[in-house]
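Trainee: Below is one structure. I have some questions about it.
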Amino acid sequence: MKISEIFEQKKTVFSFEVFPPKKTFSIESISTKLAELSECKPDFISVTYGAGGGGASALTLDLCRSIIEDYKLTPMMHLTCVNSSREDVDKVLAMTAQYGIENILALRGDIVPELPRQTDFTYASDLVSYIKKKGDYHVSGACYPEGHPECDNAIDDILNLKKKVDAGAEHLVSQLFFENDMFYSFQEKARLAGINVPIEAGIMPVVNKAQIERMVTTCGASLPAKFVKMMTRFEHSPEALRDAGIAYAIDQIVDLMSQGVDGVHLYTMNQPYVAKRISEAVASLRSI
Ligand code: FAD
């Protein structure tokens, strides 16, 4: 099913993100986790795409296929272009057609100095328009409530996002954030700029300290005082920190749903226990 159809049917879309296993070249190692995550009945599951493509892209494709065939759910495949030529993208698209993958999150990808940069696509918007021309796909794009780290000017960043939507992105998924007001302010600016596609709020339940340290360095999300106090207070008790992180994410989601957000995209970090507790807590809110 196309994600645009899901948005037409659902009051609030509730989706998951998973990533392929990092240390093997088979998805078997995470099939139990995927089975448990699918029991939460997310509206769709997005699968990340490793930097550089290659073996990593095969795993992303395999996971998407498993989501369709084994769990009868809708996948959204992430696809980056910073290290891919047009020919590389064509090869992946040929596989999506074979596997029945209809939804693609078109991304530029992070610039990694060690990996050779390809020049066929400069921005995600170039990939969006290319994929739209290649077939009948639903194409989504990424957005950044606190601005993309490479763009100093929030207005330019929104205008660049508008170009991505004008190129054909039909839905946006946000970078994670811990302060809902940041998301509301971004959403308002996006609407004023004429961006009228559904915007899903990216929520990451933080359940251990190493995870948050990694997140802050890689995506630059700011941490509200309330969040920092929680981390500091419970950092030495893994169980308490996990429960506090889950409660914090639920609190964010309840507020977002109360404000009528288009959708919530849960960065599950491949942790079914966490995703299950959050899904159960907000289950009755999804249809109202
Ligand atoms: P773009 O939309 O191209 O934006 C990149 C920068 O260029 C921004 O600063 C933007 O303002 C600027 N820009 C865009 N268009 C123009 C223009 N026409 N003129 C001038 N400037 C412009 N990375 C992975 O490697 N794999 C993944 O699976 C993955 N999944 C992600 C999922 C989500 C929901 C998000 C939010 C990010 C994900 N990323 C992933 C990270 C992403 O690849 C990086 O954030 C990357 O740096 C930017 O990708 P983008 O698609 O947003 O790029």
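The values are calculated or read from the model by the stated rules, or taken from the named source; none is laboratory data. All of these numbers come straight from a predicted model, not from anything done at the bench. Virtual Cβ from ideal backbone geometry, glycine too; neighbours counted across all protein chains shown. Surface areas here come from the heavy atoms of the whole protein model, side chains and all, with no ligands, DNA or RNA. Shrake-Rupley method; radii C 1.70, N 1.55, O 1.52, S 1.80 Å.
Trainee: Looking only at residues that are charged (D, E, K, R) and more than 22 Å from Asp70 (Cα to Cα) in region 1-59, which one is farthest from the chain's Cα centre (by Cα)?
Mentor: My answer is Lys23.
Trainee: Tell me which residues, restricted to region 45-54, are modelled with pLDDT of 95 or more and surrounded by fewer than 22 Cβ atoms within 10 Å (Cβ to Cβ).
Mentor: Thr48
Trainee: Next question. What residue, of Met231, Met269, Met215, is assigned to a helix (DSSP H, G or I), out of contact with any Lys or Arg (no Cβ under 7 Å at 6 or more places or on another chain) and in contact (Cβ under 8 Å) with a residue 12 or more places away in the chain?
Mentor: Going through Met231, Met269, Met215 in turn, the sole match is Met215.
Trainee: Give the residue that is nearest to the ligand (Cβ to nearest atom), with candidates limited to residues of region 161-176 that are in a helix (DSSP H, G or I) and in contact with a Leu (Cβ under 9 Å, 6 or more places away or on another chain).
Mentor: Out of the qualifying residues, it is Lys164.
Trainee: When you go through Ser29, Ser57, Ser66 one by one, which is the residue that is away from the ligand (no atom under 14 Å from the Cβ), farther than 26 Å from Ile199 by Cβ, at pLDDT below 95 and not in a loop (DSSP other than H, G, I, E, B)?
Mentor: Just one listed residue meets the conditions, Ser29.
Trainee: A further question follows. Taking region 114-134 on its own, how many of its residues are part of a loop (DSSP other than H, G, I, E, B), modelled with pLDDT of 95 or more, open to solvent by less than 70 Å² (accessible area, probe 1.4 Å) and over 14 Å from Glu87 (Cβ atoms)?
Mentor: Summing the residues that are part of a loop (DSSP other than H, G, I, E, B), modelled with pLDDT of 95 or more, open to solvent by less than 70 Å² (accessible area, probe 1.4 Å) and over 14 Å from Glu87 (Cβ atoms) in region 114-134 gives 1.
Trainee: Continuing with the same structure: Determine which single condition Ala221 fails, assuming it passes every other condition in (1) farther than 21 Å from Phe14 by Cα; (2) assigned to a helix (DSSP H, G or I).
Mentor: (2)
Trainee: Can you go through Val173, Val207 and tell me which one is β-branched (Val, Ile, Thr) and touching a His at 6+ places or on another chain (Cβ under 6 Å)?
Mentor: Of Val173, Val207, the one residue that is β-branched (Val, Ile, Thr) and touching a His at 6+ places or on another chain (Cβ under 6 Å) is Val173.
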